[in-house]
Amino acid sequence: ATVEGGEIGSAYSILVAFEIVPAWSDEAFKEDVKHKLVSYTLQYKLPGSQKTEEIREKPAVPFTSFSELTKCFQFASAVLMFGSMLRNSRFVKDASWNDIYNFANTSADTSNYSQKEFLMLIEQARAIYSKKGKR
């Protein structure tokens with residue numbers, strides 16, 4: 001896949017998320033942690049320069065099961081799934097609003113107001129979109 005970004009200025013950042021589903025077993029993937037499944041090219045210009053710099057990488061992709069991810073990555077995955085469900089993405093066709101809520105709820109930082117508010121958004125979306133399919 002090719003993802004083209006726009007301009008990113010000072011104090012801005014971008015996050016790109018991909019789910020990689022290997023065609024072989026998880027055990028084979030775990031054993032070959034040096035697998036080069038991904039490559040990227042980053043082009044940029046330094047401030048005040050007209051010359052375009054370029055970085056090309058093929059990072060190793062170690063296998064990590066979802067349950068072994070840190071809570072912040074689990075929560076970020078729930079946010080990504082939420083957006084995908086709102087867009088009726090074919091990539092979340094097997095997911096449910098309950099799945100998303102459970103992932104977010106078990107990984108949310110209860111002292112973080114934004115994360116608690118996100119849990120409420122999932123509940124509202126579940127109420128709205130679950131009715132849509134029952135007509």
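The tail of the calculated P(r) for segment 63-135 beyond 18 Å holds 38 percent of all Cα-Cα pairs. Extension gain for Thr64 to Thr106 (0.36 nm times residue separation, less C-alpha to C-alpha distance): 13.3 nm. Other residues with beta-carbon under 15 Å from the beta-carbon of Glu123 carry, at +1 per Lys or Arg and -1 per Asp or Glu, a net charge of +1. Computed with a 1.4 Å probe on the full set of protein chains, the accessible area for Asp94 sits at about 140 Å². For the pair Asn88 and Glu53, a Förster radius of 41 Å applied to the C-beta separation gives a FRET efficiency near 0.60, rounded to the nearest 0.05.
Projecting label points 7 angstrom from Cα along Cα→Cβ for Tyr44 and Ala127 puts them 4.4 nm apart. Taking one quarter of the surface of the convex hull spanned by the alpha-carbon atoms of segment 49-93 gives a direction-averaged projected area of 6.2 nm². Loop-resident trypsin sites (Lys or Arg not before Pro) (DSSP state other than H, G, I, E or B) in segment 31-129 with no more than 15 further Cβ atoms inside 10 Å of their Cβ: Lys34, Lys36, Lys51, Arg87, Lys93.
The values are calculated or read from the model by the stated rules, or taken from the named source; none is laboratory data. Keep in mind that what you see is a predicted model, and the values were worked out from it rather than measured. Methodologically, a virtual Cβ is constructed for each residue, glycine included, from the backbone with ideal geometry; neighbour enumeration extends over all protein chains shown. All accessible areas refer to the heavy atoms of the entire protein, side chains included, with ligands and DNA or RNA removed. Shrake-Rupley method; radii C 1.70, N 1.55, O 1.52, S 1.80 Å.
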